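Participant: Please see the structure below; I have some questions.
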Amino acid sequence: MIYLYTDFGYSGPYVGLMKSVLSSQYPDSPVIDLMHDAPRFDPMASAYLLASIISYLPEQALVLGVVDPGVGDEQRRPIIVKADQRWFIGPDNGLFNVIVKRAEHVSMWEITWRPETMSKSFHGRDLFAPVTAMIAKGDMPESELIDINSHTFSDWDNDLAKIIYIDHYGNCMTGIRAETVSVDSHIMINGQSLSRSRTFSDVEQGEAFWYENSLGLIEVAVNQGSASDALKIKLGEHVSITN
């Protein structure tokens, strides 16, 4: 199965055009919209979010990931990553770094294959989608193996102490895995200290708290309200952990 992970948004032609290429070149594989509102122009935040999602994908899943503010830059390589039996196709700009860092078995290739025509600003459609279709059919495109030890993912932290996603309820997701902190810890954000609750119904309406969300990440929320509005939280806000 092919999964799409982008910051394109759900409006406009971009997602549909990538799906059209995938369907025309490999119609046998279903295409799943994993998400198209990944943190815009932010491969790092998107990387921590993607890494929290992939455990719910089956082995041999193919993830076509495009959060690519540097598209068209000749220094930004197009890559294929195979990490613990899942495939990832997209730009070498950090988007797959956390997946690589946490995986037990990793291989990585630079894509050297090129289509006859390729837009300088839409590699998702012209390069990454055809390559994804090739791999889905069992055909490896022209590529060169990358020495994983030379890759720069190793200097990234295991967790990201920032807000990486705000959903339409106003819940604010961090890049910190809840399993790495004590249940007695407090989250400090914008000068406010928040204690942990198990879930929304454990606190009064309008009360702010943190909890372990369904992806295993620390999330800041307000029961039946918007944490983003109530606490004036924006994407990229730093958080800290106190005991």
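The values are calculated or read from the model by the stated rules, or taken from the named source; none is laboratory data. None of these values were measured; they are calculated from a predicted model. Note: ideal-geometry Cβ built from the backbone for every residue, glycine included; neighbour counts use all protein chains shown.
Participant: In segment 1-34, how many residues are part of a loop (DSSP other than H, G, I, E, B), charged (D, E, K, R) and at pLDDT 95 or above?
Facilitator: Selection size over segment 1-34: 1.
Participant: So, one more: Quick one: which of GLY206, GLY216 is modelled with pLDDT of 95 or more, in the same structural domain as CYS172 (by TED's automatic domain parsing) and closer than 24 Å to PRO39 by Cα?
Facilitator: GLY216
Participant: Inside segment 208-243, can you point out the residues that are surrounded by 17 or more Cβ atoms within 10 Å (Cβ to Cβ), free of Cβ contacts under 8 Å to residues at least 40 places away in the same chain and either under 11 Å from ILE166 (Cα atoms) or more than 21 Å from the chain's Cα centre (by Cα) (or both)?
Facilitator: ALA208, PHE209, TRP210, ASN223
Participant: Sticking with this one: Would you check if there is a residue in segment 157-165 being under 20 Å from the mean Cα position of the chain (by Cα), at pLDDT below 95 and not aromatic (Phe, Trp, Tyr)?
Facilitator: Yes, segment 157-165 has at least one match.
Participant: In segment 171-194, which residues are within 14 Å of ASP37 (Cβ to Cβ) and either of a type in the set (D, E, K, R) or surrounded by fewer than 21 Cβ atoms within 10 Å (Cβ to Cβ) (or both)?
Facilitator: If the condition is that a residue be within 14 Å of ASP37 (Cβ to Cβ) and either of a type in the set (D, E, K, R) or surrounded by fewer than 21 Cβ atoms within 10 Å (Cβ to Cβ) (or both), then ASN171 is the only one that fits.
Participant: Which residues, taken from segment 101-138, are in contact with a strand residue (DSSP E or B) (Cβ under 6 Å, 6 or more places away or on another chain), hydrophobic (A, V, I, L, M, F, W, C) and under 23 Å from LEU49 (Cα atoms)?
Facilitator: Listed by number, the residues that qualify are ALA103, VAL106, MET108, TRP109, PHE128.
Participant: Name every residue in segment 35-67 that is assigned to a strand (DSSP E or B) and surrounded by fewer than 20 Cβ atoms within 10 Å (Cβ to Cβ), in order of residue number.
Facilitator: Residue satisfying the conditions is MET35 alone.
Participant: So, in segment 89-119, of the ones that are at pLDDT 95 or above and touching a Gly at 6+ places or on another chain (Cβ under 6 Å), which residue ends up surrounded by the most Cβ atoms within 10 Å (Cβ to Cβ)?
Facilitator: Within segment 89-119, the match that is surrounded by the most Cβ atoms within 10 Å (Cβ to Cβ) is GLY90.
Let's see how each residue does on (1) within 15 Å of the chain's Cα centre (by Cα); (2) assigned by TED's automatic domain parsing to the domain that holds PRO78; (3) surrounded by fewer than 20 Cβ atoms within 10 Å (Cβ to Cβ); (4) over 19 Å from ILE79 (Cα atoms):
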{"site": "PHE128", "(1), (2), (3), (4)": "no, yes, no, no"}
{"site": "VAL131", "(1), (2), (3), (4)": "no, yes, no, no"}
{"site": "GLY138", "(1), (2), (3), (4)": "no, yes, yes, no"}
{"site": "ASN149", "(1), (2), (3), (4)": "no, yes, yes, no"}
{"site": "TYR169", "(1), (2), (3), (4)": "no, no, yes, yes"}
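Participant: Let me ask you something else. Are any of the residues in segment 157-175 touching a residue at least 60 places away in the same chain (Cβ under 8 Å), in a loop (DSSP other than H, G, I, E, B) and of a type in the set (Phe, Trp, Tyr)?
Facilitator: No, segment 157-175 contains no residue that is touching a residue at least 60 places away in the same chain (Cβ under 8 Å), in a loop (DSSP other than H, G, I, E, B) and of a type in the set (Phe, Trp, Tyr).
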